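J.: Sharing a structure here in structure tokens format.
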Amino acid sequence: MNSLGQFAHGSFGNRHELLMKTAERPPFELVRGRGVWVEDSNGIEYLDFIQGRGINSLGHSPDVLRLCLTRQAGLLLHGGSQFHHRNTLDLAQVLIDHSCFDEVFFAGSGTEAVECAIKLARKWGKLKKDRAFDIVTVTGAYHGRTFGSMSATDKTDWHSTFAPLPHGFSKVAFNDVDALDRSVGRHTAAIIFELVQGEAGVIPATPEFVRRARQLCDMHDAMLIFDEVQTGIGRIGPLFGYERFGVEPDVVTIGKGLGGGLPISAVLVKKHASVFSIGDHGGTYNGGPLVTAAALAVLQHILAEGLLQRINETGSYLSASLAQLSACYGLGDVSGLGMLLRMGLPGPIGPKIVHYGHAVLPYTASGYWAGRGLLLNSPRPDCLRFMPALNTNRSEVDRLVDGLSSVLAVISRQDLDPW
Ligand SMILES: *Cc1c(COP(=O)(O)O)cnc(C)c1O
């Protein structure tokens, strides 16, 4: 890097113009990763506290996954979703054994899992509630980008850009128990929300809201759906986030961390919520032998290594370290659950911190950061979100704090008043 703000990531060319412009991406190409580190095509290494938005539960390319994928690639890649596969059944067994649910549907992404849950709710309403179809959603929600999941998501611009969206989705203020009371009734097929809202900037549901949603669903015979695509698979402590809240939903969606980097998601249901008949739902790639082998390896590793017992501990350590840093630079609150954390910022400087993180070197006295950077995530400009690999250790947390501190030091020197 020559001067502040100008990054020497080498010649990047314009091949990025071949991609539809649907996301902002920094000008480097990631080529390999190991644990908390990922490297670009110029040999610059980045300490990764995003991990693909919490996808890589065990970090980049962990041995367990490399071995299991190599083995499975030599056995069977795709048999077809019209056949049984041993891995699929083994994975279903592990998920059922470690949850309050009875049946599973596998899909390929979080969005697809949500879409499946929405269809289940609609069918439930038709069959069991006199054709009730309304799905109660909450402000700040993120559930995906297909038509059904967009309808449940609180993004006003999508609702106008892609109109008309399917109707039958009402919205209440997140964590507002009275508003929830007023919105659930005869017409309600389901309530859906995240236990910790991710895209909204890491905002946990209150225990009262979660409990009240359960009560209302019981009173009105509606389905309670937790979208745990982000909070599931240990992210906030237990294997499933609902365990932490002590409230069992009828349906849960999981994804992200489940495949440890491979595209697999699932919908888990209690028996009474399993209302699909043959032909109602499906997908060519769903529950294939390769992705289910990966998810099985991830889950078995998490359970065998006792990772779940360490998540709150490492999360607290990260949280305390971030809080110290935040106090030092006059930033905002540090909050969140388990290893899904938020650091508030005093203004819309998240993108700037992310940008400067890509080359920490120039700001540090020590030689450590030469040729190294940080990958950070800012879901909203006024906060950072941390979703490290579940097996991240304390010295890796210390490294992060060291790098972030250097980035903050230079930004605070640049814009003194205020930021
Ligand atoms: C990421 C996310 C989704 C969408 O998952 P994809 O795999 O990106 O389709 C849905 N719900 C929640 C809560 C998420 O965090």
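Values quoted throughout were computed directly from the atomic coordinates according to the rules given, and no laboratory measurement underlies them. Because the structure is a prediction, the values reported are computed rather than measured. Using ideal geometry, Cβ is built from the backbone for each residue, glycine included, and neighbour counts are taken over all protein chains shown.
J.: Among the listed pairs Lys119/Lys256; Lys171/Lys256; Lys123/Lys155; Lys155/Lys271; Lys21/Lys126, which have their C-alpha atoms separated by more than 31 angstrom in this model? Mind dumping the intermediate values first?
T.: Details: Lys119/Lys256 21 Å; Lys171/Lys256 25 Å; Lys123/Lys155 26 Å; Lys155/Lys271 33 Å; Lys21/Lys126 40 Å.
Exceeds cut-off: Lys155/Lys271; Lys21/Lys126.
J.: Now for a different question. Taking the Cα centre of the chain as the origin, how large is its charge dipole in debye, to the nearest 20, when only Lys and Arg (+1) and Asp and Glu (-1) carry charge on their Cβ atoms?
T.: On the way: 38 positive and 41 negative charges, 115 e Å.
For the chain, the charge dipole is close to 560 debye.
J.: So what's the stretch 307-419 giving for Rg/Rh, alpha carbon basis, Kirkwood Rh from the mean inverse pair distance?
T.: Numbers: Rg = 13.5 Å, Rh = 14.2 Å.
On the Cα set of the stretch 307-419, Rg over Rh gives 0.95.
J.: Can I ask one more? From the C-alpha gyration tensor of the chain, pull out the three semi-axes of the equivalent ellipsoid (sqrt of 5λ each), sorted largest to smallest, in whole Å.
T.: Equivalent ellipsoid of the chain: 37, 26, 20 Å, largest first.
J.: Return the calculated 222 nm mean residue ellipticity for the chain, to the nearest 500 deg cm²/dmol, obtained by summing -39500 (n - 2.57) across DSSP H runs with n ≥ 4 and dividing by the residue count.
T.: Details: 13 runs with 154 residues, N = 419.
Only helices count here, giving -11500 deg cm²/dmol.
J.: Share of antiparallel DSSP beta bridges in the chain, in percent to the nearest 5?
T.: Around 60 percent of the beta bridges assigned by DSSP in the chain are antiparallel ones.
J.: A further question on this structure: Would you mind getting me the FRET efficiency between Lys171 and Asp102? Use the beta-carbon distance for r and R0 = 41 Å, nearest 0.05. Write out the running numbers ahead of the final one.
T.: Values: r = 30 Å, r/R0 = 0.74.
The calculated FRET efficiency here is 0.85.
J.: Could you bin all the Cα-Cα distances of the stretch 276-327 into 10 Å bins starting at 0 and give me the percent of pairs in each, rounded to whole numbers?
T.: Values per bin, smallest distances first: 20, 23, 23, 20, 12, 2.
J.: Another question about this same structure. With no solvent and one point on each alpha carbon, what is the Debye value of log10 I(q)/I(0) for the stretch 209-320 at q = 0.19 Å⁻¹?
T.: Per q value, in the given order, log10 I(q)/I(0) is -1.10.
J.: In the chain, which whole DSSP H runs stretch at least 27 Å along their own axis (Cα) and average -1.0 or higher on the Kyte-Doolittle scale? Before the final figure, lay out each step's value.
T.: On the way: long enough: 307-329 (32 Å, 0.26); 394-414 (30 Å, 0.16).
Result, helices passing both filters: 307-329, 394-414.
J.: If I model a spin label as a point 7 Å beyond the Cα along the Cα-Cβ vector, how far apart are those points for Glu313 and Gln82 in nm?
T.: Inter-label distance under the simple model: 5.1 nm.
J.: Only Cα pairs under 8 Å and at least 6 apart count here; give the relative contact order of the chain as a rounded whole percent.
T.: Details: 844 pairs, mean separation 88.1, N = 419.
The normalised contact order for the chain reaches 21 percent.
J.: Quick one: net charge around Met150, please, counting Lys, Arg +1 and Asp, Glu -1 for every other residue with C-beta under 12 Å from its C-beta. Walk me through the numbers before you get to the answer.
T.: On the way: positive: Arg145, Lys155; negative: Glu115, Asp154, Asp157.
Within the 12 Å Cβ shell, the charges total -1.
J.: Follow-up. When the Cα centres of the stretch 55-110 and the stretch 130-179 are compared, how far apart do they sit, in Å?
T.: Here the two parts' Cα centres lie 30 Å apart.
J.: Quick one: Kirkwood hydrodynamic radius for the stretch 1-160, alpha-carbon pairs, angstrom, one decimal? Walk me through the intermediate numbers first.
T.: Working: mean 1/r = 0.0490 Å⁻¹.
Result for the stretch 1-160 stands at 20.4 Å.
J.: Round to the nearest 0.05 the FRET efficiency obtained for Ser395 and Glu24 when R0 = 41 Å and r is the Cβ-Cβ distance. Walk me through the numbers before you get to the answer.
T.: Working: r = 31 Å, r/R0 = 0.77.
That gives a FRET efficiency of 0.85.
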